[in-house]
Amino acid sequence: MRSILPLGLIATALAVAPLRFDREKVLRVIPQDEKQANVIKHLAQTNELDFWYPDAPHHVTANMTVDFRVSEKGFQSVQSALDQSNMHYEILIRDVQEEIEKQFDVKEDTTGRHSYAKYNNWDKIVAWTEKMVGKRPDVVSRIKIGSTVEDNPLYVLKIGKENERRAIFMDCGIHAREWVSPAFCQWFVYQATKSYGKNKIMTKLLDRMNFYVLPVFNVDGYIWSWTQNRMWRKNRSKHPNSTCIGTDLNRNFNASWSSSPSTNHPCMDTYRGPAPESEKETKAVADFIQSHLTSIKAYITFHSYSQMLLFPYGYTSKLPPNYKDLVKVAKIGTEALSTQYETRYIYGPIASTILQQVLHHLGSN
């Protein structure tokens, strides 16, 4: 018995060791024609590539900027294929693990205050939601709208004083690894409550409307990205007849759910799930919005990577009925965003904005 127990403990320790990304690289390529675009798609089939932009290889077209992560083991064969195709590439990140460790290289706040200058894990975010309600009970309340597949709570913070008013629903962290997204939701709630009664614009907004803020949509995946795999994207649901874990919650809503056949494989990061709103997280959000349809006038979801303000539709090139209004709002929004740091945001329908980027690239050459 004495010889078996240590071996069991060692096996357990190995099983929970976080995945590392030592010497893995992020490359940027711009295929000049469809032949080169097909080379990248072929590489995705023969190598384990993690696409950062676009989020899946089937979106790759000629003259598009393509960013992907490649393992240390796979880099040489990918590099060789790119060279043989006369495809220029740029190394954006030379060692992914080094960049991951830099994210934690921030001094802890010993005062016990919630930090808005560093990333916070799930436990700290839960404690923060309680703290925000305690600090401003007149303007902040916490609503549990459901739970995750691993039975973690889904909390929405309502910012505003009255119930039956126009509202905006906001979510952050639908993709687990996009940590800056939940960080933004925390910052937004903090700034809104801090400036209420002091800043005229924010005071006027909260006197007239409410914000429903879901600080972390994909709680299980977010926890997993902290403890096991920094690059994890999906939730943590299990699927029959597959050893692959997780669904892309972003593609699980009941809105043209089956429009893209390329998202039907459970091992893909863009897997849409076995059925529309099959995931507890997506169903909880959909049910909450359905129960507040008379008041919720807009839904904003925050992602990381690229500077884009996107609006419907993503599954068709058809324009929405309120297209002109959306363009007007997006134009005003992107102009306001550029005033602080002169950051240029592209805006437009999801389905066509990638094409706009391609055309912009062609025009700048």
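The values are calculated or read from the model by the stated rules, or taken from the named source; none is laboratory data. Just so we're clear, the structure is a prediction, and the values are computed from it rather than from any experiment. As a convention, Cβ positions derive from the backbone with ideal geometry for all residues, glycine included, and neighbour counts pool all protein chains shown. Ligands, DNA and RNA are excluded from the accessible area calculation, which covers all protein heavy atoms including side chains. Shrake-Rupley method; radii C 1.70, N 1.55, O 1.52, S 1.80 Å.
Ordering Cys244, Cys172, Cys267 from largest to smallest accessible area (1.4 angstrom probe), what's the sequence?
The most accessible residue leads, giving Cys267, Cys244, Cys172.
Which of the lysines could a cross-linker span from Lys280 if the Cα-Cα distance has to be under 27 Å and same-chain partners fewer than 8 positions apart are dropped?
Lys124, Lys131, Lys144, Lys158, Lys234, Lys238, Lys297
So for each of 91-98, 338-345 I average, over its residues, the number of other beta carbons within 10 Å; can you give me the resulting order with the highest mean first?
The packing order, highest mean first, is 91-98, 338-345.
Just to confirm the filter: which chymotrypsin sites (Phe, Trp or Tyr not before Pro) across segment 64-138 are DSSP coil and have at most 16 other Cβ within 10 angstrom of their Cβ?
Phe104, Tyr116, Tyr119
Any idea of Leu337's accessible area? Nearest 10 Å², probe 1.4 Å.
Approximately 80 Å² of Leu337 is accessible to the 1.4 Å probe.
Tell me, what is a quarter of the convex hull surface for the C-alpha atoms of the chain, in nm² with one decimal?
The orientation-averaged projected area of the Cα hull of the chain comes to 22.6 nm².
Given a 10 angstrom Cα cut-off, can you work out which residue in Asn254, Asn218, Asn241 is the most mobile in a GNM of the chain?
Of the options given, Asn241 has the highest mean-square fluctuation.
Net charge near Val180, counting Lys/Arg +1 and Asp/Glu -1 over other residues with Cβ under 15 Å of its Cβ?
Residues close to Val180 contribute a combined charge of +2.
So what's the back-of-envelope 222 nm ellipticity for the chain, counting only DSSP H runs of four-plus at -39500 (n - 2.57) apiece and dividing by all residues, rounded to 500?
It comes out at -12000 deg cm²/dmol, rounded to the nearest 500.
Of Arg208, Arg136, which has the most accessible area with a 1.4 Å probe, and how do the rest follow in descending order?
Largest accessible area first, the list is Arg208, Arg136.
If I stretch the segment between Gln76 and Lys318 completely, what's the gain in nm (0.36 nm per residue apart, minus their alpha carbon distance), one decimal?
82.9 nm
Give me the percent of Cα-Cα pairs in segment 241-288 that sit more than 12 Å apart, rounded to a whole number.
Everything past 12 Å amounts to 56 percent.
What is the distance, in nm, between label points placed 7 Å from the Cα along the Cα-to-Cβ direction at Ile143 and at Ile350?
2.3 nm
When the Cα centres of segment 184-222 and segment 245-318 are compared, how far apart do they sit, in Å?
Their Cα centres are 22 Å away from one another.
Among the lysines, which fall within straight-line cross-link reach of Lys25, defined as a Cα-Cα distance under 16 Å, with same-chain neighbours fewer than 8 residues apart omitted?
Lys73, Lys102
Assign one of three labels to segment 128-194, namely rounded, prolate or oblate, based on the Cα gyration tensor with a ≥ b ≥ c the square roots of its eigenvalues; rounded applies when a/c is under 1.5, prolate when it is not and a/b is larger than b/c, and oblate otherwise.
Prolate, since a/c reaches 1.5 and a/b exceeds b/c.
How much net charge surrounds Ser260 when only other residues with a Cβ under 10 Å from its Cβ are counted (Lys, Arg +1; Asp, Glu -1)?
Once positives and negatives cancel, what remains is +2.
Once you have a ≥ b ≥ c as the square roots of the Cα gyration tensor eigenvalues for segment 193-280, tell me rounded if a/c is under 1.5, and otherwise prolate or oblate according to whether a/b is larger than b/c.
prolate
Per residue, how large is the accessible surface of segment 131-208? Use a 1.4 angstrom probe and give square angstrom.
48 Å²
Under a straight-distance cross-link criterion of Cα-Cα below 18 Å, which lysines are reachable from Lys200, leaving out those fewer than 8 residues away in the same chain?
Here the lysines satisfying the reach criterion relative to Lys200 are Lys161.
Does segment 98-256 classify as rounded, prolate or oblate by the C-alpha gyration tensor (a ≥ b ≥ c root eigenvalues; a/c under 1.5 gives rounded; else a/b over b/c gives prolate, otherwise oblate)?
oblate
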